[in-house]
Structure formats: C-alpha cells, structure tokens
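The values are calculated or read from the model by the stated rules, or taken from the named source; none is laboratory data. A quick note: this is a predicted structure, and the numbers were derived from the prediction, not measured. Neighbour counts are summed over all protein chains in view; Cβ atoms, including those assigned to glycine, are modelled from backbone coordinates with ideal geometry.
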Amino acid sequence: MTTVDDASRPSRVAGPDEAISAEELQLAARNHGIPLEALRYDVTPAGLHYLLIHYDIPDVDPAAYALSVSGALDRPLRLDLAALRDRPRVTHRVTLECAGNGRALLRPRPVSQPWLVEAVGNAEWTGTPLAPLLREAGLSGDAVDVVFTGADHGVERGVEQDYQRALPVADALREEVLLAYEMNGAPLLPQHGAPLRLIVPGWYGMAHVKWLRDITVTTEPFDGYQNAVAYRLRRDADDPGVPVTRIEPRALVRPPGFPDFMSRTRVLRPGPCTLDGRAWSGHAPVTSVEVTTDGGGTWAPAVLDEPSGGEWAWRRWSVTWTATPGRYVLGARATDASGRTQPVEQPWNRGGFANNLVQRVEVVVPAQ
C-alpha cells in the first residue's frame, strides 16, 4: 500500500457558502440513483438500480476468473465460475442502499458523492451462500474477520488501495450472505460487479464488495482503510467514530402527478389520489409507515402491503389522499420492529452516513 497523503484524514466538510464542486459533479455523473418514479417496481430493473463505483470498473475476464479463499483455514480454496455455479444456488430479493444516501441534504455538507435520497434499489440476487463454503474450507477456531477484496483499485484520501471490506466471522456465517453471479435472473452487468460480488442483506452498500477476487480469513481485526477510516460515524475529525453497518429505516414517496423539469416540483390535479412508496430497514422488519402532506406537522398511518420477496426486500405502502388546490410538502417515515423511526431532524455526522431524514416532496395542486 502506497501512502500519498495523511491516511487517517476523514472526509472534508464544505464551507458555509461552498457550492457543489466540479469534482462532486464528476462523481454524480459516474454514479446514479434510482429515478423515484421507478419505486413502482417491486424489483428494480438493473439499469434503474442505484450505482456507486469507487474507482474504475475493472476489466475482468470471466473465462480466466478464479476466486481465492485463503487465510486462517484448514483447506484454502480456489474456485472458477463453473465451480461456483455448481454449488447450491439460491436467490434473495434484497434492498441495497448506499451508506451516503441523503448526504447532500446535511448542513454543513460533507464533500463526497452528492446523494439526495435516490441511492437505493431492490433486486433479486442469485448465487451460492458464503457460509457453507467457509465451513468446508475449515475455519480456524481463532478466526476474527473475513476480508473481501475487489478487483477495483484506486486512491482515496491519499491511500492507494484495492477496495476491501471485512465482516466479523459471525456476520460472514449468516446463511443469507451470498456470493452472487446473477442480478434479476441475468448475469451480473460490469457496473454491478461482474463476474462475482458479495451480497450482505441488511447492510449498507459499502459491504457488498463488487468484482470480488479474494476472501481472506484473519485472526486479527481488519484495519484496512474502508473499515478503519472510511464508513464511520464521526462528529469531528478527531473522533474515532463507530462503524457504519446496518441500514436505518427509511420510507420514500413515489412522487405523484408530473414534474417541473428543473425544480422537480410535482403538479397534481385536484381530487382523490393514492400516495404510495416503499419502506425498508436493515435492522428489523418495517412495522408501520406514516405519511404527512404538510411537511411534518401532522401524520396519518399508511397501509403496508404484505411482504413480497422475503425479509430483506422493501415493502410497498399506500394511503388515499384528496388533493385540493394549494401547495403541499409530502413525506413518509418508517418504523421497524426494533423501534427505530426516521427522524424529522437529522443528527449530523462528518461523513454524511446513515442519513435517513424524512424525504420532502413539494407538490402544487392548481385550481381547476
């Protein structure tokens, strides 16, 4: 690893009047969120699913590909795609959300990929479970972490690195964790991690390592950049912070009516209409959704559809509303079975992570 700059420096915070920079716009052009009208789909089409690429999309030849599994194991393994496909095959429907979703709404603004609320998607991932493979390889009794290395390579905060994340052994052995080679019934697309990626249901997107090439079991906690420096909830630069892990509860409104081109303000005809959207949490199942039409002054319960696709997928919610002429601010907030609820006022952190502030959708209902 080549250190070019101060490896311990956390992300920067914008000045009071600092506009979004050309560098942030460059990131926003490479990465994209889900168009909110696509919340109508139970399963997000691959091209509409949110996308974050830390460095470059690596050039990986599937014919020459092999996954290395090594470290504190009795029987290290090396498996090509055919061997992985010969293993037990399962499909999970999983909601993925970027840990930085909502970052650009915080004040002061953490400088990074400028997400609003669209960094999410709900796809069907097919592959083979990780846990049986680790057990077959013979986990050492003193194993602590399982480190996942992607083929993407770059520099972040001055540190040259492969993208690497680790899971504690107990989390890596969860039966739902997948080595995935298909998305929505088709081979993975290059931008979504082809030919193999990790899927960790319930965790933010940084844990779902793409272009996976190495799995290494360690007997010491992993202290690589993406675990020890990035993806931590910090109040200030000197705060060691706590790691970002599971997805906080969130509900999004599928914007009704039709939009103004620049502002995205919605125009809605007067009369009865159905407001709907999606809700999810990585901690526990969503148990209720409340909806506001006045920016959070009052809340009304929504109806949750029955779960479709398993415990790791989002749920549709809906409520009937009679729109009368005027201006409105719509929003929705989810509560999960652990008691977590979305905040109306968001606690700030330096990296802009795990921001599940209630969404605001501005609506104009014109007089007829």
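Brief remarks on what is shown
- Of all residues in the range 252-288, those being under 30 Å from residue 367 (Cβ atoms) and buried (at least 18 other Cβ atoms within 10 Å of the Cβ) number 10.
- In the range 173-196, of all residues being of a type outside the set (D, E, K, R) and in contact with a helix residue (DSSP H, G or I) (Cβ under 6 Å, 6 or more places away or on another chain), the one that is surrounded by the fewest Cβ atoms within 10 Å (Cβ to Cβ) corresponds to 173.
- Residue in the range 311-330 that is closer than 21 Å to residue 105 by Cβ and part of a loop (DSSP other than H, G, I, E, B) present: yes
Quick grid of which residues meet (1) within 24 Å of residue 187 (Cβ to Cβ); (2) in contact with a Cys (Cβ under 9 Å, 6 or more places away or on another chain); (3) surrounded by fewer than 23 Cβ atoms within 10 Å (Cβ to Cβ):
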{"position": "91", "(1), (2), (3)": "yes, no, yes"}
{"position": "125", "(1), (2), (3)": "yes, no, no"}
{"position": "135", "(1), (2), (3)": "no, no, yes"}
{"position": "160", "(1), (2), (3)": "no, no, yes"}
{"position": "166", "(1), (2), (3)": "no, no, no"}
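- From the options 331, 352, 295, 309, residue that is surrounded by 22 or more Cβ atoms within 10 Å (Cβ to Cβ), touching a residue at least 60 places away in the same chain (Cβ under 8 Å), on the phi > 0 side of the Ramachandran plot and not polar (S, T, N, Q): 352
- Boolean, residue 171 is without any contact (Cβ under 8 Å) to a residue 40 or more places away in the chain, under 20 Å from the mean Cα position of the chain (by Cα) and not assigned by TED's automatic domain parsing to the domain that holds residue 314: yes
One line per residue, one yes/no per condition, for (1) modelled with pLDDT of 95 or more; (2) surrounded by 19 or more Cβ atoms within 10 Å (Cβ to Cβ); (3) within 16 Å of residue 150 (Cα to Cα):
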residue	(1), (2), (3)
33	yes, yes, no
42	yes, no, no
48	yes, no, no
56	yes, no, yes
68	yes, no, yes
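- Each residue in the range 227-261 was checked for being touching a helix residue (DSSP H, G or I) at 6+ places or on another chain (Cβ under 8 Å) and modelled with pLDDT under 95, and 1 of them qualify.
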